[in-house]
1. Taking the 0 to 90 degree range and rounding to the nearest ten, how far is the long axis of helix 5-19 tilted relative to the main principal axis of the chain, both from C-alpha atoms?
2. P(r) for the chain, please, calculated from all Cα pair distances in 10 Å bins and given in %.
3. With a 1.4 Å probe and every protein chain left in place, work out the accessible area per residue of the chain in Å², rounded to a whole number.
4. What per residue convex hull volume, in Å³, comes out for the range 1-42 when only alpha-carbon positions are used?
5. Are there chymotrypsin sites (Phe, Trp or Tyr not before Pro) in the range 1-87 that DSSP marks as loop and that have at most 13 other Cβ atoms within 10 Å, and which are they?
6. At a threshold of 8 angstrom on Cα-Cα distance, excluding pairs fewer than six apart, so keeping six or more, what relative contact order does the chain reach in percent?
7. Give the residue list of trypsin sites (Lys or Arg not before Pro) in the range 33-64 that are DSSP loop and have at most 10 other beta-carbon atoms within 10 angstrom.
8. Output ³J(HN,Hα) for the range 106-117: one whole-Hz value per residue in order, computed from phi by the Karplus curve 6.51 cos²θ - 1.76 cosθ + 1.60 with θ = phi - 60°, and x for Gly and Pro.
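The values are calculated or read from the model by the stated rules, or taken from the named source; none is laboratory data. Remember, it's a predicted structure, so these values are computed and weren't measured experimentally. Here Cβ is always computed from backbone atoms with ideal geometry, including for glycine, and neighbour counts include all displayed protein chains. For the accessible areas, the whole protein counts, side chains as well, though only heavy atoms, and no ligand, DNA or RNA atoms are used. Shrake-Rupley method; radii C 1.70, N 1.55, O 1.52, S 1.80 Å.
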Amino acid sequence: MQISKFSDYAFRALVYLANHSNKLCTVEELSEQLQTSPHHMKKVVHKLASSDYIISLKGRTGGLRLGRAPEKINLGEVLTFTEENLNMFECFSNSNCPLIFGGCKLKAISQTALSKFIDEFSAYTLADIL
């Protein structure tokens, strides 16, 4: 399984903001320092700012900063918040699988594996990876 670039950028942005908590950062700074496109970083910042993971201050003296202390940002929560689709197989979102009536156990095994994957991320906070 591979997480999306969106989630990757979100984690990297949170780490960067935590490591630079003494100042306000800009989207341009984040995209330059994290070597991502400004367009993608704007989307990530918008999503994170729609929650309280980061705070976006508008205006000439505005910028970005963490909205919570790093020890209050759970990595599992961030992962499930930023991932559009954690379905490992098409049958997760599609009940038209021809094998479903044949007793296929792949879906249950995959859902258990995904749950453990998210649980592992949930065991850590942003503070743990700084």
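1. Between helix and principal axis, roughly 40 degrees.
2. Bins of 10 Å from zero give 12, 38, 27, 14, 8, 2, 0 percent of pairs.
3. So the chain comes to 64 Å² accessible per residue, rounded to a whole number.
4. On the way: hull volume 2.5 nm³, N = 42.
Convex hull volume per residue, Cα atoms: 60 Å³.
5. Of the chymotrypsin sites (Phe, Trp or Tyr not before Pro), not one in the loops of the range 1-87 has a Cβ with at most 13 other Cβ atoms within 10 Å.
6. Worked out over the chain, it gives 29 percent.
7. Details: sites: LYS42, LYS43, LYS47, LYS58, ARG60; in loops: LYS58, ARG60.
Hits after loop and neighbour filter: LYS58, ARG60.
8. Per-residue couplings from phi come out as 4, 4, 5, 4, 5, 5, 5, 5, 5, 4, 5, 4 Hz.
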